[in-house]
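The values are calculated or read from the model by the stated rules, or taken from the named source; none is laboratory data. Because the structure is predicted, anything quoted here is derived from the model rather than measured. Reconstructed Cβ throughout: ideal geometry from the backbone, glycine too, with neighbour counts over all protein chains shown. The protein model used for the area step is the full one, side chains on, heavy atoms only, and it has no ligands, DNA or RNA in it. Shrake-Rupley method; radii C 1.70, N 1.55, O 1.52, S 1.80 Å.
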Amino acid sequence: MLLFAMGFLLVILQPSTGQFPRVCANTQSLLSKECCPPWDGDGSPCGELSSRGSCQNILLSQAPLGPQFPFSGVDDREDWPSVFYNRTCRCEGNFMGFNCGECKFGFTGLNCTERQLRTRRNIFQLTTSEKNKFLAYLNLAKNIPSQDYVIATGTYTQMNNGSNPMFRDINVYDLFVWMHYYASRDTLLGGSNVWRDIDFAHEAPGFLPWHRAFLLMWERQIQKITGDENFTIPYWDWRDAEDCGVCNDEYMGGRHPTNPNLLSLASIFSSWQVICTRSEEYNSQQALCNATSEGPIRRNPGNNDKSRTPRLPSSADVEFCLSLTQYESGSMDKMANYSFRNTLEGFADPQTAISNPSQSGLHNALHIYMNGSMSQVQGSANDPIFVIHHAFVDSIFERWLRRHRPMLEVYPAANAPIGHNRENYMVPFIPLYRNGEFFKSSRELGYDYEYLQEPALQSFQDFLTPYLQQARQIWAWLVGAAVVGGIVTAVLTGLIKACRKKKRGTSSEIQPLLIESEDYNNITYQSNF
């Protein structure tokens, strides 16, 4: 009964994000290169009659790219989404969505004018009821088809430049697995040739903003299909963990009793089928993942290659990473040194910040440690641990933003690997988001983390800290100045009072003691605070 009710909610509620909107996955839209669906509220494209948005030409960034991808015009993801569409909805104000039918992250209400702040919590601090609800929501997403989105099963060339659309349905959870695959897949060059040194979601500046947007979309999708507007993704704080604390049947699934590479049959996730895990097969066939089931989730935590990932990350690793002042540096890829992004992603040593791709730290360490579906980039989102892991990675990104308070200009505007410049649109999201839009505090995007205590107060304290440090250095001078100022003030006050007494003479009793009522109403109190 609960599953039926949630399925009904899916039909009446419109998801706001995804890959290819179903209404644009047709010959007419592909040939015209226009995806400007009507908003149900007034029937006009992009809700234009209600001033929600309008159909506009896509404005692509012209900033130069890094040298990592030496081709042009061979990959559908170049200058996303212009190969498929060059006109989409451009929403006004706080409206968002492929048809401007939703509110931006952090806003709610009929006209998207009400601010909203939700809190992501530690998965171990959820009540039994809250934890079970989270697991049920995950399973629901895996078993309900997306009503508004489809996935591409062929390249634009294989679609005969749009005249032969190749799309298929997919469930809500696997929609996001496919998006993660599509952003990180290899470039198909024809024959048996591929280019592997390309990734629109990893190994470059966009890693953190891309996954931040990905989680927000996933969170919004769950809110929609369940009708639970207050749902937030829990996070797994893995600092100093000695083993996988969520790898049991109470949480994300324990080990199978006879096959340690599989999940316990007591876990709901043991019946899940993975997709998009056979990258070499797709490459040899010059094909895209078509979301066909490819077997159960595989996971064998701790039995990984210890020479590459000897342990799970420590609190000291995280603190060192947070101390790095540069968001990005050098080549802005996995070889970058002293880069906060590259160190958090795990390609640089978490104790020196020197690039070492042969080792896996922080974010990467968790993926390798899981020793299964999580350990292969393109298909890693198949394991639901992916979501709670990345929520914690995002919280570390948030701590760095609050500590260093970078301007948007800190995020590279040019010369980053393909797809990672500040103004590039993120692959493969429609509606469109630029990398720079998510290089901001989570509170501006409508969410916070439970363990970042007293965030507003902390932010104010962070603001005052440098000034307080300067004050400590000159405190003796400040005290001296205060004493001298007090003496001068006392002397001046005495002189003023003496002068006033002389002016009054002996007739002080005729002066009014109170302001007359008619004068009182004419007084204006003004504060310059």
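Please work out if Pro301 is under 28 Å from the mean Cα position of the chain (by Cα) and either farther than 30 Å from Leu188 by Cβ or not in a loop (DSSP other than H, G, I, E, B) (or both). Considered against the rule, which asks whether it is under 28 Å from the mean Cα position of the chain (by Cα) and either farther than 30 Å from Leu188 by Cβ or not in a loop (DSSP other than H, G, I, E, B) (or both), Pro301 comes out as yes. Against the numbered list (1) in contact (Cβ under 8 Å) with a residue 60 or more places away in the chain; (2) closer than 30 Å to Ser192 by Cα; (3) open to solvent by less than 70 Å² (accessible area, probe 1.4 Å), Ser284 comes up short only at (3). Scanning the stretch 340-366 for residues that are under 19 Å from the mean Cα position of the chain (by Cα) and assigned to a loop (DSSP other than H, G, I, E, B) turns up just one, Gly346.
Residues that are open to solvent by less than 60 Å² (accessible area, probe 1.4 Å) and charged (D, E, K, R) were ranked within the stretch 321-354; the one that is nearest to Val377 (Cα to Cα) is Glu345. Looking at the stretch 253-262, can you tell me whether even one residue there is open to solvent by 20 Å² or more (accessible area, probe 1.4 Å), assigned to a helix (DSSP H, G or I) and farther than 28 Å from Phe134 by Cβ? No; the residues of the stretch 253-262 include none that is open to solvent by 20 Å² or more (accessible area, probe 1.4 Å), assigned to a helix (DSSP H, G or I) and farther than 28 Å from Phe134 by Cβ. Checking His404, His390 one by one, the residue that is at pLDDT 95 or above and within 17 Å of Val246 (Cβ to Cβ) is His390 and no other.
Scanning the stretch 66-90 for residues that are assigned to a strand (DSSP E or B) and touching a Lys or Arg at 6+ places or on another chain (Cβ under 8 Å) gives a single hit, Arg87. Residue count for the stretch 263-281 satisfying the condition of being open to solvent by 70 Å² or more (accessible area, probe 1.4 Å) and in a loop (DSSP other than H, G, I, E, B): 3.
Kindly provide the set of residues from the stretch 431-440 that are assigned to a loop (DSSP other than H, G, I, E, B) and either surrounded by 23 or more Cβ atoms within 10 Å (Cβ to Cβ) or in contact with a Gly (Cβ under 7 Å, 6 or more places away or on another chain) (or both), ordered by number. Spell out how you get there, then give the answer.
Taking the stretch 431-440 and keeping what is assigned to a loop (DSSP other than H, G, I, E, B), we get 431-433, 439-440.
Pro431, the sole residue that qualifies.
Residue by residue, here is whether (1) open to solvent by less than 10 Å² (accessible area, probe 1.4 Å); (2) at pLDDT 95 or above; (3) of a type outside the set (A, V, I, L, M); (4) in contact with a helix residue (DSSP H, G or I) (Cβ under 9 Å, 6 or more places away or on another chain) holds:
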{"site": "Asn164", "(1), (2), (3), (4)": "no, yes, yes, yes"}
{"site": "Asn171", "(1), (2), (3), (4)": "no, yes, yes, yes"}
{"site": "Leu188", "(1), (2), (3), (4)": "no, yes, no, yes"}
{"site": "Arg212", "(1), (2), (3), (4)": "yes, yes, yes, yes"}
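Being open to solvent by less than 30 Å² (accessible area, probe 1.4 Å), out of contact with any Lys or Arg (no Cβ under 8 Å at 6 or more places or on another chain), within 20 Å of Ile396 (Cα to Cα) and touching a residue at least 40 places away in the same chain (Cβ under 8 Å) is a property that Val318 lacks.
In the set (1) closer than 24 Å to Glu281 by Cα; (2) open to solvent by less than 10 Å² (accessible area, probe 1.4 Å), Ile222 fails one condition alone, (1).
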